[in-house]
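No value in this document is a laboratory result; all are computed from the given coordinates. Every value quoted in this text rests on a predicted model; they were computed, and no experiment measured them. Backbone-built Cβ (ideal geometry, glycine too); neighbour counts: all protein chains shown.
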């Protein structure tokens, strides 16, 4: 996973408008909030002083930072460390439950953005957290509950739903095109010819800038687009064809290799 320096993209004029009034002013280690976000909404680049765990029970959330894109389908959550500038967009109407965690409380939690699988236990704990009084008793049962909630987040495995990006001028045209059109099947050699460079140079740049080969990056872009479309109700057949796979079985094999389950079992789970 690409390492992010927590302060590298932070700028004081990008604070989320609700941070001071609804989040930072609350004298508790964890503050929770539930929000309905309509389909296609984009929340522009901003950051929080606290770390944030974004969980949606339906719809798909996409989080973008300067170094990557994270796609969050149902039953997953994205972890965003403090002061990381990020943009949030949605596919489908999304009910978001957010936990904002004080920086002094996050020792042992990831230092860069990641997507985690939300276990049935954590799901129920998040649902309870947003119903807990804002000024819960730190030394009482609610305070102990919040401590266990942090422990549960620490124990959960990350899932491969990250697409690294870079603004390197040698790769930007390829990354922009493939992200917007993941079915583009041009080879690295074709891209090299178009950009007036060599395929060897582009291969080195992909590995250096993204820690992925060109083929791995393109497959990951297709996987994340597939997750978004499948979560929105598209059929496996249509997604496979739209993303340039020769057959439905080839797409299913790719999906299972990446996520451990076929699309049907993945979303049924």
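Computed over the stretch 96-143, the P(r) tail beyond 12 angstrom holds 74 percent of alpha carbon pairs.
Largest first and in whole Å, the equivalent-ellipsoid semi-axes of the stretch 116-269 read 39, 21, 12, each the square root of five times a Cα gyration tensor eigenvalue. Modelled spin labels at residue 156 and residue 237, positioned 7 Å past Cα toward Cβ, are 3.5 nm from each other. Compared with the direct C-alpha span, the chain from residue 137 to residue 22 gains 39.6 nm at full extension, assuming 0.36 nm per residue.
Entry note, the stretch 134-234: relative contact order of 26 percent, from Cα contacts under 8 Å with a spacing of 6+ residues. Relative contact order (percent) for the chain, with alpha-carbon contacts under 8 angstrom and 6 or more residues of separation? The normalised contact order for the chain reaches 18 percent.
Where only DSSP H runs of four or more residues are counted, the chain gives -11000 deg cm²/dmol as its mean residue ellipticity at 222 nm, each run worth -39500 (n - 2.57).
Restricted to Cα atoms, the chain shows a radius of gyration and a Dmax of 19.6, 66 angstrom. The calculated FRET efficiency for the pair residue 257 and residue 104, based on their C-beta separation and a Förster distance of 41 Å, comes to about 0.50.
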